[in-house]
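Data block below; observations after.
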Amino acid sequence: MKTVPFFNYPHLFKSREEDFVRIFKDIGSRGAYILQKDLVEFENNLSKFAGTKYAVGLANGTDAIWIALMAAGIGKGDEVIFSSHTYIATAAAIHFVGAIPIPADCKEDHMIDPESVEKLITNKTKAILPTQVNGRCCDMDEIMRISKKYNLIVLEDAAQGLGAQYKGRGVGTFDKGATISFYPAKNLGSFGDGGAFITNDKDMYDKVMLYRDHGRNDDGIFVMWGFNSRLDNLQAAILDFKLTYYDEEITRRRNIALIYQGRLGHLSQLLLPPSPNSNPDYFDVFQNYEIEAERRDELKQYLKEFGVGTLVQWSGQPVHSITSLGFSGKGLPYTEAMFTKCLMLPMNTALVDDDVEYICDLIIKFYSI
Ligand SMILES: Cc1ncc(COP(=O)(O)O)c(C=O)c1O
């Protein structure tokens, strides 16, 4: 029987093994492990790619969020509105700066719902932290309109969104900046943990640079309290190489989405993500292909029996459902209904067209039984 894993981790290395070994040898033989030129080069290339003035390599995407929140001056008692359809890391970062995470609902494209955001604003609200989930940018016109109306900061969690655009502008260019994750399964994945902050804001850049290296400036003087959250030089060198063909990988992901759309678009039992090219305002990079499906659990089991791996995002728990952390578990109707139906189909560059066709054949068969 054919098998199509949800994600193929060994492929990450095997796909360009010779190049990666060459990079390991180069870094090792130079002994260039921490804060070396490879990191600086990667940061320069990352900011060029993102269309931002600055990029800072950090230890992971979670650190990136809480460091950016601190740099933006968010702290004790401040309320920060974020989408419940995100990883716990977004809310944890808000919690760990002493602020209060306020979850908002999402809408049909699974992005934060600006109407829900506006209803949650109080006199304690200081920031909106939308997640550019699944590699799509949310409706930034509406988010920015609300932020200006209520004088709020906007910081994007773009852990899944590097390269995604809204009306020709990339993530990280809208207000205070965006945080990125290089977790191995991310569109741009390292061989371990990694993250970044991208921004046009010089003050944010300066502060994040200090926070990530013990508050130490370029002259080695400690000018403020800081931490160790540096992106390893080796990971930076690997990522810099992978960035050279990142555009091709995005194109491949968008082509896979087109195959899914072409084969499954007619099924009334499914809600598919917006098709690439269906709305010129959006350029999606398809970190995930998250559908809504009738009889979701049965479909998941059926695909498993035929060797296809699927996943329900965040282990099936939108953040506001986590009552053990003090969330109410209710009040966000779209998210709650969506989480009884959502399912991620395989979406990665290890897939060949035959794999995608196989998955589609199975889904069509499942709904015809
Ligand atoms: C939306 C979102 N936010 C934050 C993170 C945290 O990133 P990291 O795992 O690099 O800390 C992730 C990664 O899983 C994510 O998907």
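What distance in nm lies between label points placed 7 Å from Cα along the C-beta direction at ARG216 and ASP353?
So the label points at ARG216 and ASP353 sit 5.3 nm apart.
For region 14-161, rounded, prolate or oblate, judged on the Cα gyration tensor with a ≥ b ≥ c (square roots of eigenvalues), a/c < 1.5 rounded, else prolate if a/b > b/c?
Taking the square roots of the gyration eigenvalues as a ≥ b ≥ c, region 14-161 is prolate.
Once neighbouring chains are kept in place and the probe is 1.4 Å, which whole percent of the accessible area of the chain is contributed by carbon and sulfur?
Using a 1.4 Å probe with all protein chains present, the chain comes out at 52 percent carbon and sulfur.
Between ASP141 and LYS124, how many nm apart are label points set 7 Å from Cα along the C-beta direction?
Distance between label points: 3.4 nm.
To the nearest 20 debye, what charge dipole does region 1-49 have about its Cα centre, counting +1 at the Cβ of each Lys and Arg and -1 at the Cβ of each Asp and Glu?
Dipole about the Cα centre, nearest 20: 140 debye.
Once region 263-315 is represented by equal point scatterers at the alpha-carbon sites, with solvent omitted, what log10 I(q)/I(0) does the Debye formula produce at q = 0.14, 0.18, 0.21, 0.22 Å⁻¹?
Log10 of I(q)/I(0), two decimals: -0.46, -0.73, -0.93, -0.99.
Decide, for region 21-65, between rounded, prolate and oblate: order the square roots of the alpha carbon gyration tensor eigenvalues as a ≥ b ≥ c, take rounded if a/c falls under 1.5, and otherwise choose prolate if a/b is larger than b/c, else oblate.
prolate
About the Cα centre of the chain, what is the dipole size in debye to 20, counting +1 per Lys and Arg Cβ and -1 per Asp and Glu Cβ, all else neutral?
Roughly 360 debye, rounded to the nearest 20.
Please give the residues of region 24-65, grouped as numeric ranges, whose backbone N is less than 15 Å from a label point set 7 Å along the Cα-to-Cβ vector of LYS202.
53-55
Can you list which of the DSSP-assigned H helices in the chain have a Cα extent of 18 Å or more along the long axis and an average Kyte-Doolittle score of at least -1.0? Present the calculation step by step, with values, prior to reporting the outcome.
Working: long enough: 17-30 (20 Å, -0.66); 37-50 (19 Å, -0.49); 246-264 (27 Å, -0.86); 353-368 (23 Å, 0.12).
Those that pass (Cα extent of 18 Å or more, hydropathy at least -1.0) are 17-30, 37-50, 246-264, 353-368.
Please tell me the relative contact order of region 134-212 in percent, rounded to the nearest whole number, where contacts are Cα pairs under 8 Å and at least six residues apart.
Relative contact order, region 134-212: 23 percent.
So which GluC sites (Glu not before Pro) in region 25-134 pass both tests, a DSSP loop state and at most 14 other Cβ atoms within 10 Å of the Cβ? Don't skip to the end; give the middle numbers.
Details: sites: GLU41, GLU43, GLU79, GLU108, GLU115, GLU118; in loops: GLU108.
Passing both the DSSP loop test and the Cβ count: GLU108.
Distance between the C-alpha centers of region 269-328 and region 119-177? Whole Å please.
21
Using a Cα-Cα cut-off of under 15 Å, which aspartates and glutamates could be cross-linked to LYS365, ignoring same-chain neighbours fewer than 8 residues away?
GLU294, GLU298, GLU305, GLU357
Once you have a ≥ b ≥ c as the square roots of the Cα gyration tensor eigenvalues for the chain, tell me rounded if a/c is under 1.5, and otherwise prolate or oblate according to whether a/b is larger than b/c. Kindly include the intermediate steps, with their values, before the conclusion.
Values: a/c = 1.94, a/b = 1.19, b/c = 1.63.
Verdict is oblate for the chain.
Just for the chain, what percent of DSSP beta bridges are antiparallel, to the closest 5?
Values: 24 of 39 bridges.
Once the DSSP bridges in the chain are tallied, antiparallel ones form about 60 percent.
Any idea of the accessible area per residue across the chain, 1.4 Å probe, to the nearest Å²?
That works out to 43 Å² per residue.
The values are calculated or read from the model by the stated rules, or taken from the named source; none is laboratory data. Just so it is clear, the model here is predicted, and its values are computed rather than measured. Methodologically, a virtual Cβ is constructed for each residue, glycine included, from the backbone with ideal geometry; neighbour enumeration extends over all protein chains shown. Areas reflect the complete protein model, heavy atoms only, side chains present, ligands, DNA and RNA absent. Shrake-Rupley method; radii C 1.70, N 1.55, O 1.52, S 1.80 Å.
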